[in-house]
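Rule-based calculations on the coordinates, nothing more; no lab input. Keep in mind it's a predicted model, so treat the numbers as computed, not measured. Methodologically, a virtual Cβ is constructed for each residue, glycine included, from the backbone with ideal geometry; neighbour enumeration extends over all protein chains shown.
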Amino acid sequence: MTYTSAHLWVLVDDLPNPDDENLYPVHGLSILIELRGDKRITVLFDTGPSAEILRNNASRLGLSPLNPDIIFLSVWLGHHVGGFVQTLRYNEDVWCKTIAPEFPALKARPPAKGKLPPYTRLVGPFGFWFREQALAFQLDEGWVIITGCSLYGVRHLINAARNIRPIYAVIGGFNLSSLDVLDGPYFVRWAQRAGVRTVVPLHSVAPKARRIILKKLGNGIEWSGVGLDVEL
């Protein structure tokens, strides 16, 4: 069994929306994912650095109030979990539906009690001081991998996903610059060899690198930034 389709809305990203200046760009990432099958499940992947900006952008996109079934945190960095931490100050119950990696350095598990929905899997954790995790969910066409930052380089993500096949799409932060002569070309070659149909670069990918990746692997998507919505 798989999900029949999925819809993704980019609520927080480094780059602005070309058509709506009231969608605020900020260094960070948050993606709302709607998984569609026998029933619909919503996953909030990361929360960006600010609950206020998250709420503003969700409202502008007609997605307010945000009440996802699951909150998935990829890495304990402020620009990925700041909105979540701010929410904890007045609502600690969100731990009950949160999936989170271990705290950096402490090697301790947070009090997160959320469970992965059906037809999904954890990718990772990977990295060193900051342990990072990605989310994969299965569509009829293959697996979709959502990643937050690729803090220690995109090769760690690729290695963590080595047993996931077929991969239909990879979306999120790849930590790449257009000047990167190692990881940038390596990532593109890996995606092409793996038969990935759609790649959407977001947070931590420089503007020119995004254009290069979308031209080669975007499957018709011409830009990426806050407010982008993707139907899979």
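Tally Lys/Arg at +1 and Asp/Glu at -1 over every other residue whose Cβ is under 15 Å from the Cβ of D14; what's the total?
My count for the surroundings of D14 gives +1.
Along Cα→Cβ, 7 Å out, is where each label goes; now give me the distance between the ones at R155 and D69 in nm to one decimal.
Placing both labels 7 Å along Cα→Cβ, they lie 3.8 nm apart.
Relative contact order for segment 144-209 using alpha-carbon pairs under 8 Å, separation at least 6, rounded to a whole percent?
Relative contact order comes out at 41 percent.
Given charges of +1 on the Cβ of Lys and Arg and -1 on the Cβ of Asp and Glu, with all other atoms neutral, how large is the dipole of the chain about its Cα centre, in debye to the nearest 20?
For this selection, approximately 800 debye.
Please compute the modelled spin-label separation between E21 and R193, points set 7 Å along Cα→Cβ, answer in nm with one decimal.
Once both label points are built, they end up 4.6 nm from each other.
Among all stretches of the chain without exposed GluC sites (Glu not before Pro) (DSSP loop, at most 14 other Cβ atoms within 10 Å), which one is longest?
Between the exposed loop sites, the longest stretch runs 22-221.
Applying 1/(1 + (r/R0)^6) with R0 = 22 Å to the Cβ-Cβ distance of H7 and Y186, what FRET efficiency is obtained, to the nearest 0.05?
0.15
Report the extension gain between W223 and R165 in nm, rounded to one decimal, defined as 0.36 nm multiplied by the number of residues separating them, less their alpha carbon distance.
18.2 nm
Of the residues I31, I99, I41, which exhibits the maximal mean-square fluctuation in a Gaussian network model of the chain defined by a 10 Å Cα contact cut-off?
Result for the chain, Cα springs under 10 Å: I41 fluctuates most.
For the chain, set up a Gaussian network in which alpha carbons nearer than 10 Å are linked by springs, and say which option among G142, G220, G184 fluctuates the most.
G220
According to a simple spin-label model (label point 7 Å from Cα along Cα-to-Cβ), what is the distance in nm between A108 and S177?
Going by the 7 Å Cα→Cβ label model, 3.6 nm.
Using 0.36 nm per residue of separation minus the Cα-Cα distance, give me the extension gain between W129 and Y90 in nm, one decimal.
Length gained, W129 through Y90: 11.2 nm.
For segment 64-99 and segment 154-170, what is the separation of their Cα centres, given in Å?
Taking the Cα centre of segment 154-170 as reference, the centre of segment 64-99 is 25 Å away.
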